[in-house]
1. Expressed as a rounded percentage, what relative contact order does the stretch 442-530 have, with Cα pairs under 8 Å and six or more residues apart?
2. What's the ranking of 188-195, 269-276 by average number of surrounding C-beta atoms within 10 Å, highest first?
3. Which whole-Hz couplings ³J(HN,Hα) result when phi for each residue of the stretch 527-537 is put into the Karplus expression 6.51 cos²θ - 1.76 cosθ + 1.60, θ = phi - 60°, listed in order with x for Gly and Pro?
4. Indicate the gyration tensor shape class of the stretch 264-345 (rounded, prolate or oblate), computed on the Cα atoms with a ≥ b ≥ c the square roots of the eigenvalues: a/c under 1.5 is rounded; otherwise a/b larger than b/c is prolate and the rest oblate.
5. In terms of the Cα gyration tensor, with a ≥ b ≥ c the square roots of its eigenvalues, is the stretch 95-192 rounded because a/c is under 1.5, prolate because a/b exceeds b/c, or oblate?
6. Estimate the FRET efficiency between E307 and T430 by the formula 1/(1 + (r/R0)^6), using the beta-carbon distance for r and 56 Å for R0, to the nearest 0.05.
7. Taking amide H positions as placed in the peptide plane 1.01 Å from N, state which residues far from L669 in sequence (5 or more) or on other chains have amide H under 5 Å from it.
8. Identify the GluC sites (Glu not before Pro) of the stretch 112-157 meeting these criteria: DSSP loop state and at most 12 other C-beta atoms within 10 Å of the C-beta.
Amino acid sequence: MEQSRQELNTTISTRDGVPVLTPTPWTPDKASHQFASAKMQSSRSSALPSPSASDPAPHPNAQEGDPPRWFFEKRGRLGGASGETVPNAVAASGLGLEDLLVREAIQNSCDAAVPLAGAGGEREEVRVVFRKRTLRGCALDRLVEGLQLDELQRRAWNIEGALSEAYDRWLDDLRELPVLFIEDYGTCGLGGRLDRPDEDSDFAKFVYDFGFQGKARAKETGGGSYGLGKGAHARASLLRCFFLHTVIQPFVRQGELPLDGEIGENQWSRFQGVCHFPLHETDGHLWTGRGFFGHALTDRADPLANEAAQLMAERFDFPARRVADRGTTIAILGCTASPTLLQRAVEDWWWPRLFQHTLEVELVDEDTDESSISHPRPLRRAELVPFIRCFDAASGDFFRNSKELSSPELKPILLAKPDLDDSPSRNANTVPAGRLAMTQLPPNIREEEERKDRFVDTMALIRGSRMVVAYRHFGARGLPVAASYVASDALDHTLMLSEPITHHDWDPSSARLSDAGQESVSSLLKRLDRHVRRYQASLLPSMVSAPDRSVALERSLGFLLGGGGSCIDALPSQARASGKATKGQPIQIRFQPNNPRVLTDGSFVTDGELLVDWMGTAGARKEVRLTLHAAIIGNDRLVRMDSIAVAVLGDDFSKNSTTSWSSILDITLRAGHTQSIPVRIGPHPDGVRLRLYTGVEEVAA
């Protein structure tokens, strides 16, 4: 550490007899700018001045007044995981940068929400702010100098590849650095002891440890359970580096622990830097790549604390936090996440908490307008509204009586595997599975833009964290629907154990589950899929209320005309005749409607195409007569045989029709060839349910 840097940046004073690091006001001048520039342009061929090798060895009992610096972990004879293990662990999910960051960052904040006194486990509303800022000129020089990013750049030169290129690009070529601040409020901050990553030390778990699964063992609910959530922050940094400032409730050391003040008691503010580099070798030493910026000792680097932490955060323009402003701010260096995509990701994954007002998110792009604040608005996203309405039905009573939604109840499932010696009647170990609600989607939604495909024929999986774990796709087997499943509290821990590192799925084969847990998750997913398929089938019209006819075959291809005639809630083109009818007459008829259009008198007509296939012998022909009839379905689900015109547009396919407006049509079917017949239904009133009946009668040659 150069003496000039110490004199430039800090003075050591005493406060109540305790040494305190006090950064002096930093004023960029020509000399300091040239000094920083010269360090950035230094030759890569020079040996890396490793902190542990070239600098004087720090005293084992370094004081808080000692200048902060980087400490890197040496790789010992027994090996160990490298620093890149943490960001790589979260990279295999297939989630985009913004999705991964939003899911992990907000999950950590929500898990740290402050409990409300006497509220039965309820917690305060969490507020999370994503703040984008690009540092240039003197602000960047001050950051590089004060946080010793030149040390990280020299290490990156020894690693080479993308990491080295990123440091050169931002610090040398462009001379600018994008930084994303993630701030949370209404949380407890990262408190607890510094010496061990147990359940009571959020700071040690987040900063020092990885892979600690305390929640999994303690059977807690919430989001993370692998101890690898910080990998999202490291992954989002092109420099693989981030800094954090947290304000916490101080704790008092337990009297029976003679640790001489090393566990971090009576600290109310902390500041530390973290980097996750690949395994690398410099100056004859092998390093794991894990580095920490703070009070460097012989075997670790403790965070700056209290006034020193506050002054360091203030110096580098971290959002101000007073003693009462508990929570954490994380600054991700070299983060190119888009504010627009961050907002979309918040809406996609966190709408349950936003809808229930337990989470507030703000997005600030200071590069555009630092006074402009935007908020996620999931209710303005048409593709998310069906899931939100289903979630409301499954978790409340607002839509409970809506006929458009299915029943939200689910039967209990087995939580434990039954003993082979026990009879089923003796096994009472069941728990409620949760609630499932489903609703129809407009029939033409599958034809809309590709980005909405993930929200069609899918089910939002939600548990106690109130994050959408995944949108489970169940296939386009019938009419398009959307569903939301809210797991019960009794299943929450089991489902948490089934999730991978990034918590984006429920996997029955998870190694963290017992045999009973695997069976429970597998049973649940199969049951959910079965409920959805049955619901889709129930939307297809049945033959129960069809009128008696003398023709050989009748099929009902139902579709709904919604309010205003603007949407068709069930898609007849996906409908099929019943299995028995298909066996008796191998003719398949599908109807593909277009959107209804309004006439001058206020009524509506619906145009579409009848697609007729005959599964006969290749080359064969068959003469058939189609009889088409449309009827209105009442609210009691009975068919009203009102006169609704069904017209065939044109007589190109008709052999004996004398008019182009007819509901009876004679056609010739050819095996393997689809007949397309343009059809118009109406005029019909607005907001009614229609059902189209097709009768097929073979005409003797």
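1. Details: 117 pairs, mean separation 18.4, N = 89.
Relative contact order of the stretch 442-530: 21 percent.
2. Working: 188-195: 22.2, 269-276: 26.0.
Result, highest mean first: 269-276, 188-195.
3. Working through the residues one at a time gives 5, 4, 4, 5, 4, 5, 4, 5, 5, 4, 5 Hz.
4. Details: a/c = 2.69, a/b = 1.15, b/c = 2.33.
Oblate shape, in that a/c is at least 1.5 and b/c is the bigger or equal ratio.
5. Values: a/c = 2.75, a/b = 2.40, b/c = 1.15.
Note, shape of the stretch 95-192 comes out prolate.
6. Details: r = 57 Å, r/R0 = 1.01.
Computed FRET efficiency for E307 and T430 comes out at 0.50.
7. K622, E623, V624
8. Answer by residue number: E122.
The values are calculated or read from the model by the stated rules, or taken from the named source; none is laboratory data. Here the structure is a predicted model, which is why all the values come from computation and not from measurement. Cβ sites come from the backbone with ideal geometry, for glycine too, and all protein chains shown count toward neighbours. The area values use the complete protein model at the heavy-atom level, side chains included, leaving out ligands, DNA and RNA. Shrake-Rupley method; radii C 1.70, N 1.55, O 1.52, S 1.80 Å.
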